[in-house]
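> Please find one structure pasted underneath; my questions will follow.
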Amino acid sequence: MKLKNKIIIDRLAGLPMVYLLNVLARMLGFILRIDHSLDRPVKTIAVCKFVGMGSIVQATPLLKTLRLNYPAARIVFITNVSNVPLFRFIDEVDEVMHVSDKSIASLIASNIRLLLKLWKNRPDVYIDLEIYSNYSSVITTVSLARNRMGFFKDDKTYRKGMYTHMMFFNIKSPVSQTYLQFARLMGCREIISEVSMNRAAIDPGAMQVINTKLGIALPEGYVLLNPNASDLRLERRWPADNVVTLLKVLLTERPDLKIILIGDKNEMSYVHSIVSQLGEFPSVIDSSGKLNLQELIALIAHAGLLITNDTGPMHLAFAMHVKTVSLFGPCSPQQYGGMGRTVSIYKNVYCSPCVHEFIIPPCAGNNQCMKKIAVSEVLDAVNRAFRNEFDVAAFPEPDYIDPDKMPLGVVLR
């Protein structure tokens with residue numbers, strides 16, 4: 001099922017449940033008078049992000065900060081089954097609990113197992129990193145966690161009774177810092193801001209497996225190109241014709257480059273359509289659908305450069321400190337970009353960023369935010385990355401706490 005369809009179902013089916021639980025939570029809160037102060041001992045912390053591999057990667061500073069400040073606490077992460085392999089490279093999580101939406105039966109069964117585990121563990125703090133999901137709000141509430149933290153948006157005020165603590169979701173703040181506001185709310189004084197994953201967890205034999213699957217011995221300094229975007233916002237794709245032109249120009253100027261196109265099984269046909277136009281450039285390799293997630297991470301970690309739309313592999317490259325040329329449109333690099341070894345391109349059109357405002361964007365697919373990015377601009381960015389000329393901070397660093405060391409953006413209930 002496409003992600004957009006899941007969101008529509010979530011709104012239609014989840015909304016009545018959210019309204020009901022909102023009322024019940026308020027009533028029980030009034031009757032039981034539970035102490036929701038955050039200065040009590042914390043034994044178990046649950047963090048939830050069901051969808052968005054890139055968002056999970058951007059949550060690594062939060063997880064590292066929680067581990068540093070609560071060394072004895074048990075940290076549990078709740079996500080979709082497709083994201084589970086990612087946690088091989090995230091050491092701070094003690095247990096991954098997952099749901100599976102491969103079928104109605106698996107969804108029901110996995111949710112029952114999840115709730116039984118949550119009731120057994122009874123988290124002291126449950127941090128819901130989803131912004132819009134009614135389903136996630138329901139799971140958060142019925143987890144019976146003592147403190148339930150979530151994001152506030154003005155169109156979601158009906159959820160205020162379900163969470164004990166809410167934080168304003170600011171699209172102008174780097175999303176990793178937005179997630180860290182929950183750690184600041186919990187009183188964490190030592191903050192780790194770097195987005196990173198454990199490179200040492202890569203299987204030493206992974207590259208040999210990749211070479212076998214691709215039928216080639218990859219040289220050092222190979223370049224990856226990711227022309228894809230998840231179906232949550234396909235408008236994040238740079239036009240395929242531009243990708244083809246870029247590859248032809250780049251390989252004409254640098255004929256010794258070995259370029260690999262990446263993509264998962266659902267993206268194979270799109271990647272094939274690009275590669276089919278590059279017959280005169282056999283140095284372009286199509287890896288789409290051939291690698292699992294752990295192998296993709298290894299491929300990215302050993303790359304000399306990744307050229308990518310704003311999607312999951314971009315965040316993996318950020319976390320692995322790989323040189324990256326990132327193309328932004330529906331999202332802003334101010335929120336989802338990476339500093340360090342990155343060159344970002346963003347046209348800042350009037351209707352961008354739109355990704356957090358609409359299921360179907362105002363342009364209905366006519367993504368001028370991406371179409372306005374010229375091949376020459378991307379080629380220049382690639383050459384800058386080869387010369388190690390990366391982005392510098394373009395926006396002033398926000399203030400995250402007030403003079404009393406309290407986090408800004410807490411929603412008073």
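> Filter the stretch 57-79 for residues that are touching a Gly at 6+ places or on another chain (Cβ under 9 Å) and buried (at least 23 other Cβ atoms within 10 Å of the Cβ) and give the result.
Taking the stretch 57-79 first, the residues touching a Gly at 6+ places or on another chain (Cβ under 9 Å) are 57-58, 69.
Within the stretch 57-79, Val57, Gln58 qualify.
> Kindly evaluate Ile31 against the criterion of being outside any loop (DSSP other than H, G, I, E, B) and surrounded by 14 or more Cβ atoms within 10 Å (Cβ to Cβ). Talk me through it step by step, then tell me what you get.
On the way: outside any loop (DSSP other than H, G, I, E, B): yes; surrounded by 14 or more Cβ atoms within 10 Å (Cβ to Cβ): no.
No, not satisfied.
> Among the residues of the stretch 258-275, which ones are surrounded by 15 or more Cβ atoms within 10 Å (Cβ to Cβ) and either among the charged types (D, E, K, R) or not assigned by TED's automatic domain parsing to the domain that holds Ala217 (or both)?
Correct list: Lys258, Asp264, Glu267.
> Every residue in the stretch 138-149 that is in a loop (DSSP other than H, G, I, E, B) and out of contact with any Leu (no Cβ under 8 Å at 6 or more places or on another chain), please.
The initial filter retains those residues of the stretch 138-149 that are in a loop (DSSP other than H, G, I, E, B), namely 143-146.
Within the stretch 138-149, Arg146 is the sole residue that qualifies.
> Follow-up. In the stretch 95-126, how many are among the basic types (Lys, Arg) and surrounded by 17 or more Cβ atoms within 10 Å (Cβ to Cβ)? Step through it out loud before you land on a result.
First, pick out the residues of the stretch 95-126 that are among the basic types (Lys, Arg): 102, 113, 117, 120, 122.
Now drop any that are not surrounded by 17 or more Cβ atoms within 10 Å (Cβ to Cβ), which leaves none.
Of the residues in the stretch 95-126, 0 are among the basic types (Lys, Arg) and surrounded by 17 or more Cβ atoms within 10 Å (Cβ to Cβ).
> Listed residues Leu293, Leu278; which is more than 20 Å from Lys213 (Cα to Cα) and outside the structural domain of Met53 (by TED's automatic domain parsing)?
Working: Leu293 fails: more than 20 Å from Lys213 (Cα to Cα).
None of the other options fit; the residue is Leu278.
A quick yes/no check of all residues on (1) surrounded by 22 or more Cβ atoms within 10 Å (Cβ to Cβ); (2) at pLDDT 95 or above; (3) in a loop (DSSP other than H, G, I, E, B):
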site: Thr178; (1), (2), (3): yes, yes, no
site: Gly187; (1), (2), (3): no, no, yes
site: Gln208; (1), (2), (3): no, yes, no
site: Asn211; (1), (2), (3): no, yes, no
site: Ala217; (1), (2), (3): no, no, yes
site: Asp231; (1), (2), (3): no, no, yes
site: Asp256; (1), (2), (3): no, no, yes
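> Do we find that Gly150 is buried (at least 17 other Cβ atoms within 10 Å of the Cβ), farther than 20 Å from Cys331 by Cα and free of Cβ contacts under 8 Å to residues at least 24 places away in the same chain in this structure? Outline the logic, then answer.
Values: buried (at least 17 other Cβ atoms within 10 Å of the Cβ): yes; farther than 20 Å from Cys331 by Cα: yes; free of Cβ contacts under 8 Å to residues at least 24 places away in the same chain: yes.
Taking the combined requirement at face value, the residue satisfies it.
> Cβ-Cβ distance below 7 Å, separation of 6 or more or different chains: which pairs start in the stretch 399-413 with a residue that is surrounded by 10 or more Cβ atoms within 10 Å (Cβ to Cβ) and end on one that is polar (S, T, N, Q)?
Pairs found: Tyr400/Gln177; Tyr400/Gln181; Pro407/Gln181; Gly409/Asn170; Gly409/Gln181.
> Separate question: Checking the structure you have, find out if any residue of the stretch 118-137 is assigned to a strand (DSSP E or B), acidic (Asp, Glu) and either within 30 Å of Ser196 (Cβ to Cβ) or over 19 Å from the mean Cα position of the chain (by Cα) (or both). Steps first, answer last, please.
Of the residues in the stretch 118-137, the ones assigned to a strand (DSSP E or B) are 125-128.
Add one more test, that the residue is acidic (Asp, Glu), and what stays is 128.
From the residues that got through so far, the ones that are either within 30 Å of Ser196 (Cβ to Cβ) or over 19 Å from the mean Cα position of the chain (by Cα) (or both) too are 128.
Looking through the stretch 118-137, at least one residue is assigned to a strand (DSSP E or B), acidic (Asp, Glu) and either within 30 Å of Ser196 (Cβ to Cβ) or over 19 Å from the mean Cα position of the chain (by Cα) (or both).
> Follow-up question, since we're still on this one. Kindly indicate which of Met162, Met197 is within 26 Å of Leu114 (Cβ to Cβ), assigned to a loop (DSSP other than H, G, I, E, B) and over 23 Å from the mean Cα position of the chain (by Cα).
Numbers: Met197 fails: over 23 Å from the mean Cα position of the chain (by Cα).
Going through Met162, Met197 in turn, just one is within 26 Å of Leu114 (Cβ to Cβ), assigned to a loop (DSSP other than H, G, I, E, B) and over 23 Å from the mean Cα position of the chain (by Cα): Met162.
Listed here are the residues, each with its yes/no results for (1) farther than 12 Å from Asp391 by Cα; (2) among the hydrophobic types (A, V, I, L, M, F, W, C); (3) assigned by TED's automatic domain parsing to the domain that holds Ser55; (4) in contact (Cβ under 8 Å) with a residue 60 or more places away in the chain.
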site: Leu327; (1), (2), (3), (4): yes, yes, no, yes
site: Gly338; (1), (2), (3), (4): no, no, no, yes
site: Thr342; (1), (2), (3), (4): no, no, no, no
site: Ile345; (1), (2), (3), (4): no, yes, no, no
site: Cys351; (1), (2), (3), (4): yes, yes, no, no
site: His356; (1), (2), (3), (4): yes, no, no, yes
site: Ile359; (1), (2), (3), (4): yes, yes, no, yes
site: Gly365; (1), (2), (3), (4): yes, no, no, yes
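> Taking only the stretch 222-242 into account, find how many residues are of a type in the set (Asp, Glu) and closer than 18 Å to Gln277 by Cβ.
Keep residues of the stretch 222-242 that are of a type in the set (Asp, Glu), which gives 231, 235, 241.
In the following step, the residues that additionally are closer than 18 Å to Gln277 by Cβ were identified as 241.
Looking only at that region, the number is 1.
> Report yes if some residue within the stretch 5-15 is touching a helix residue (DSSP H, G or I) at 6+ places or on another chain (Cβ under 9 Å), farther than 27 Å from Gly337 by Cα and at pLDDT 75 or above; otherwise report no.
Scanning the stretch 5-15, I find no residue that is touching a helix residue (DSSP H, G or I) at 6+ places or on another chain (Cβ under 9 Å), farther than 27 Å from Gly337 by Cα and at pLDDT 75 or above, so the answer is no.
The values are calculated or read from the model by the stated rules, or taken from the named source; none is laboratory data. These numbers come from a predicted model, not from an experiment. For neighbour counting, all protein chains shown are included, and Cβ atoms are generated from backbone atoms with ideal geometry for every residue, glycine included.
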